[in-house]
Amino acid sequence: QVQLVESGGGLVQAGGSLRLSCAASGRTFSLMGWFRQAPGKEREFVAAIRWSGPTYYADSVKGRFTISRDKAKNTEFLQMNSLKSEDTAVYYCAAGVAAPSYERPSTSSFNAWGQGTQVTVSS
C-alpha cells in the first residue's frame, strides 16, 4: 500500500525557515514534489524533483525553497527559507511518474498524495 506521510510544518515568523519531510512507503517513485493550498485558493505547484536529479520550482518560491530527496530512505524534503506571509498554506507531498520530456511536470503526473501539513507564516 502506497503511503506518503509529511512532517515539519508549523508556525514561523516572516523571514524564518522550515523544513518539510515526506516519507514514502509501498514503492519508489520517479517523481516527487510539493503542492500547497491556501484558504480560498486552488492547490498550486511548489516544487518537484525527478529520480535522475532535475528540479523544478514555482516562480514564487525560486531562490527561497530547495527540494531534495534521500533515495535510500525514500524521503523527500522541502527546505523553505525567507518565508513570507503569502507562503501560508497546507503543504502536500505528492509522488508519481516522471514524463519522458524534461518539462516541468504537470499535476496529472502525480498519482499519490499525502494528507498535508500546515505552514503558517506570521508577519
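The values are calculated or read from the model by the stated rules, or taken from the named source; none is laboratory data. Note that the structure is a prediction, hence the values are computed from the model and not measured. Cβ placement follows ideal geometry from the backbone for every residue including glycine, while neighbour counts extend to all protein chains displayed. Areas reflect the complete protein model, heavy atoms only, side chains present, ligands, DNA and RNA absent. Shrake-Rupley method; radii C 1.70, N 1.55, O 1.52, S 1.80 Å.
Annotations for the structure displayed:
- Checking the range 108-123 against the condition returns no match, with no residue being open to solvent by 60 Å² or more (accessible area, probe 1.4 Å), aliphatic (A, V, I, L, M) and over 22 Å from L11 (Cα atoms).
- Of all residues making up the range 62-104, the number that are of a type outside the set (D, E, K, R), part of a loop (DSSP other than H, G, I, E, B), more than 15 Å from V12 (Cα to Cα) and open to solvent by 30 Å² or more (accessible area, probe 1.4 Å): 7
- Residues of the range 50-79 that turn out to be of a type in the set (A, V, I, L, M) and under 15 Å from S106 (Cβ atoms), as a count: 1
- Whichever residue in the range 80-114 is among the aliphatic types (A, V, I, L, M) and over 13 Å from the mean Cα position of the chain (by Cα) and, among such residues, is nearest to S21 (Cα to Cα): L83
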